[in-house]
Structure formats: C-alpha cells, structure tokens
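Worksheet for the structure shown next.
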Amino acid sequence: MTLKTRIADDWKAAMKAGERARKDALSLLLAAIKQKQVDERIELDDAGVIAVIDKMLKQRKDSITQYTAAQRPELAAAEQFEADVLTAYMPQPMSESEIKAIIAAAIGESGASGPAAMGKVIALIKPRVAGRADMGEISRQVKAALAGG
C-alpha cells in the first residue's frame, strides 16, 4: 500500500469515526499532495509524499513558535496536533551513528577535501536521508567534517 493510499484510508476512517480534527489535518495533507501533483504534472511516489509532509511539518513548527511567542496557546496546540498527525506518516528517524556513517561515505565517494565541496557531499546525502533526518543538522555536521578534514 502506498503512503498516499494509507493517508486516504486514514482520512476515511477519521471521517467515519467523527474525528473532526484528525480528518481536517489529513484533508490539508491530501490537498497539499494533490496541489503538488497538479503544479508539477506528476504522480507523487512515497518519497514525494514524504517531501510534502516534511514541508508541512516545518510550517507547523514555525507556526507553533510564532503562536507561543504571541501568547496564543490554543492555536499552538492546534498546530501541534496537526504536526503529530503528520509525523505519524514520516519514516523512522535515523540514529546519530547512521547519519555519521552516511556523511563519511558521501565524503569518501565525492572525494571532497574542503568546505568548497560541501554542495557535492550534500547532494549525495540528501536522497539517502530524505525525511529521516534534519538537513540543517546534517549540513552543520558535513561543514564541520570538511573543515576538519
């Protein structure tokens, strides 16, 4: 079963169960997937769906930060609920040792020897960790590894 099918089935189940907040969160996700497919005129595979979910999670985290700063806990809680629903569809996060191994392998494969080659290393890493690790943290680790090596 594809991730899109699983999301659609969960949406139907939430609707039948009367779980309005969950149904609404899944409706937003399905709409974002559909919009991406229409805009790019493609059929999204699981990796594409994960990319959409990842983008939506980043938006939710940003909204939670802003609502919390604005003293709006009820809105922050609603965004947190949506983030929790979305997180359920993400793959398991990678361990620190897995990330370090992938970074070391990518640096070896690319033959990178300095900070100027960071883009080449990141390009090799990104498809391997899609949705399973924070690219910002990986970039910091790659930068540190290239600066030290």
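A few comments on the model shown:
- Condition check for L30: at pLDDT below 95, on the phi < 0 side of the Ramachandran plot and in contact with a helix residue (DSSP H, G or I) (Cβ under 7 Å, 6 or more places away or on another chain): no
- Near pairs, Cβ below 8 angstrom, 6+ apart or cross-chain, from the stretch 118-131 (more than 13 Å from I99 (Cα to Cα)) to any residue that is surrounded by fewer than 16 Cβ atoms within 10 Å (Cβ to Cβ) and of a type outside the set (D, E, K, R): M118/S139
- Restricted to the stretch 73-114, and to residues there that are surrounded by 15 or more Cβ atoms within 10 Å (Cβ to Cβ) and over 24 Å from the mean Cα position of the chain (by Cα), the residue that is modelled with the lowest pLDDT is A112.
- Among the residues of the stretch 1-26, those identified as of a type outside the set (A, V, I, L, M), part of a helix (DSSP H, G or I) and surrounded by 14 or more Cβ atoms within 10 Å (Cβ to Cβ) are K4, R6, D10, W11, R22, K23, D24.
- Residue count, the stretch 115-138 (criterion: within 22 Å of T87 (Cα to Cα) and either assigned to a helix (DSSP H, G or I) or over 15 Å from the mean Cα position of the chain (by Cα) (or both)): 9
- Selection status of I107, assigned to a helix (DSSP H, G or I), under 30 Å from K4 (Cβ atoms) and in contact (Cβ under 8 Å) with a residue 12 or more places away in the chain: no
- Residue in the stretch 71-79 that is of a type in the set (A, V, I, L, M, F, W, C), under 21 Å from L29 (Cβ atoms) and not assigned by TED's automatic domain parsing to the domain that holds A25 present: no
- Scanning the stretch 39-48 for residues that are surrounded by fewer than 16 Cβ atoms within 10 Å (Cβ to Cβ), free of Cβ contacts under 8 Å to residues at least 12 places away in the same chain, among the β-branched types (V, I, T) and not in a loop (DSSP other than H, G, I, E, B) turns up nothing.
The values are calculated or read from the model by the stated rules, or taken from the named source; none is laboratory data. Please read all numbers here as calculations on a predicted model, not as lab measurements. Reconstructed Cβ throughout: ideal geometry from the backbone, glycine too, with neighbour counts over all protein chains shown.
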